[in-house]
1. What are the residues in the range 95-139 that are within 16 Å of the ligand (Cβ to nearest atom), touching a helix residue (DSSP H, G or I) at 6+ places or on another chain (Cβ under 6 Å) and closer than 28 Å to Gly219 by Cβ, if any?
2. Inside the range 254-275, can you point out the residues that are buried (at least 20 other Cβ atoms within 10 Å of the Cβ) and in contact with a Pro (Cβ under 9 Å, 6 or more places away or on another chain)?
3. Condition check: in contact (Cβ under 8 Å) with a residue 40 or more places away in the chain, of a type outside the set (S, T, N, Q), crowded, with 22+ Cβ neighbours inside 10 Å and closer than 20 Å to Leu208 by Cα. Does Tyr67 satisfy that?
4. Name the residue, out of Leu57, Leu37, Leu14, Leu26, that is touching a Gly at 6+ places or on another chain (Cβ under 8 Å) and in contact (Cβ under 8 Å) with a residue 60 or more places away in the chain.
5. Within the range 288-307, track down each residue that is closer than 13 Å to Met353 by Cβ and assigned to a strand (DSSP E or B).
6. Which of the residues that make up the range 58-73 are away from the ligand (no atom under 16 Å from the Cβ), outside any helix (DSSP H, G or I) and of a type outside the set (D, E, K, R)?
7. Collect the residues in the range 140-155 that are farther than 20 Å from Met85 by Cα and away from the ligand (no atom under 11 Å from the Cβ), keeping them in residue-number order.
Amino acid sequence: MARKYNFNPGPAVLPLSALETAAKALIDFQGTGMGILEVSHRSKEFTEVIEGATERLRRLLSVPDEYEIGYFQGGANLQFNMIAMNFLPADAVADYVDTGTWSSRAIQAAELVGKVHLAGSSKDEKYRRIPRPEEIQWRADAAYAHITSNNTIYGTQYQAFPDTGKVPLICDMSSDFLSRRLDVSRFAMIYAGAQKNVGPAGVTLAILRKDMLERCPDGLPPMLNYAKFLAKKSTYNTPPVFAIYMVGLVLQWVEDNGGLEVVEQNNDRKASLLYGIMDDDPDFFRGTAAADSRSKMNVTMRLPDEDMEKAFLAEAADRGFVGLKGHRSVGGIRVSIYNAMSVEGVEKLVDFMKAFRKNH
Ligand code: PMP
């Protein structure tokens with residue numbers, strides 16, 4: 001079978017070695033005579049899977065001891081709600097920066113619970129950039145501050161993280177988690193749906209500083225209470241066993257391939273190949289993100305007109321490049337180049353782009 005060059009925005013391409021290991025484990029997981037989908041979530045084997053994944057993540061990101069790692073269901077969308085339910089008392093205010101669709105969703109979720117202060121926004125500029133530090137007004141009395149590190153739809157990404165002083169910084173890293181080295185200690189909480197860089201859909205990873213857990217209100221249902229859920233090591237109920245297993249395999253792949261330093265180098269290389277051809281021919285491949293806010297995960301562009309974009313997508317698909325259509329809300333072309341997309345895959349795509357340009 002020929003595998004496609006898969007540029008899907010998420011769920012997205014996964015490392016082949018992880019898929020191959022998982023394929024075997026579907027039938028026989030570690031010689032148990034049962035498949036991974038069939039083992040108990042209370043078994044010794046699965047306990048090793050979840051603990052192993054957590055240890056790998058700790059190693060890869062040098063997660064300090066004062067942080068807990070959890071595996072949640074309900075996607076990043078449920079985190080939007082849980083963050084507010086746990087950390088935003090009704091009489092308090094939280095700072096949010098609106099950099100796109102997912103930030104807006106997070107804001108809407110918080111507004112159901114308490115007050116939101118819009119600390120910064122690039123909505124008026126159709127989200128083509130990340131607000132500059134001097135454009136963001138943080139409140140010193142905010143319960144927390146929330147940002148979206150990478151805006152999957154608009155192709156923008158924070159190049160440096162803001163300093164919110166004593167106010168706990170919470171970050172939705174769904175689409176760039178584990179794509180570069182990271183100083184976890186800058187954050188009170190990081191969360192990410194797994195289905196881009198870390199695994200399949202069905203599990204959302206969160207790293208929480210322990211002092212935040214003291215804020216969780218007792219009245220919340222245990223499944224929605226970070227402190228209670230984490231006290232049960234993410235197994236308050238039946239966790240998404242297979243998704244967590246896959247996350248472990250992907251983390252192993254990252255470690256086996258040199259860790260985050262190598263991942264970051266490869267991601268830099270892939271992004272510079274794509275932005276390079278766009279900068280060489282900006283009238284044909286017109287980048288939609290401002291140069292100072294360009295994402296290294298989702299590279300967004302427009303071609304001269306919509307017919308040309310349709311032709312581009314069709315010809316690309318004929319050559320095995322799939323998943324390149326921009327989000328339905330913005331149109332255009334989006335090249336998602338998550339960790340498991342090889343440099344070679346991007347080189348091939350860039351060759352195709354050059355040939356397409358020439359022929360049209
Ligand atoms: N945040 C970001 C940055 C995303 O890209 C997405 C999904 N594309 C979400 C949140 C929503 O994630 P989920 O579907 O897991 O709820």
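1. If the condition is that a residue be within 16 Å of the ligand (Cβ to nearest atom), touching a helix residue (DSSP H, G or I) at 6+ places or on another chain (Cβ under 6 Å) and closer than 28 Å to Gly219 by Cβ, then Tyr96, Arg105, Ala106, Ala109, Ala110 are the ones that fit.
2. Listed by number, the list holds a single entry, Val254.
3. In short, no.
4. Exactly one residue qualifies, and that residue is Leu14.
5. Result: Val299, Met301.
6. First, the residues of the range 58-73 that are away from the ligand (no atom under 16 Å from the Cβ): 58-69.
Still in the running and outside any helix (DSSP H, G or I): 62-69.
Matches in the range 58-73: Ser62, Val63, Pro64, Tyr67, Ile69.
7. First pass over the range 140-155, keeping only residues farther than 20 Å from Met85 by Cα: 140, 149-155.
Matches in the range 140-155: Ala140, Gly155.
The rows are residues; the columns are (1) buried (at least 17 other Cβ atoms within 10 Å of the Cβ); (2) of a type in the set (Phe, Trp, Tyr); (3) modelled with pLDDT under 95; (4) within 12 Å of the ligand (Cβ to nearest atom).
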site	(1), (2), (3), (4)
Pro162	yes, no, no, no
Phe177	yes, yes, no, yes
Ala194	yes, no, no, yes
Glu214	no, no, no, no
Pro222	no, no, no, no
Tyr226	yes, yes, no, no
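The values are calculated or read from the model by the stated rules, or taken from the named source; none is laboratory data. Everything quoted here is computed from the prediction, not taken from an experiment. Note that we place each Cβ from the backbone using ideal geometry, even for glycine, and neighbour counts take in every protein chain shown.
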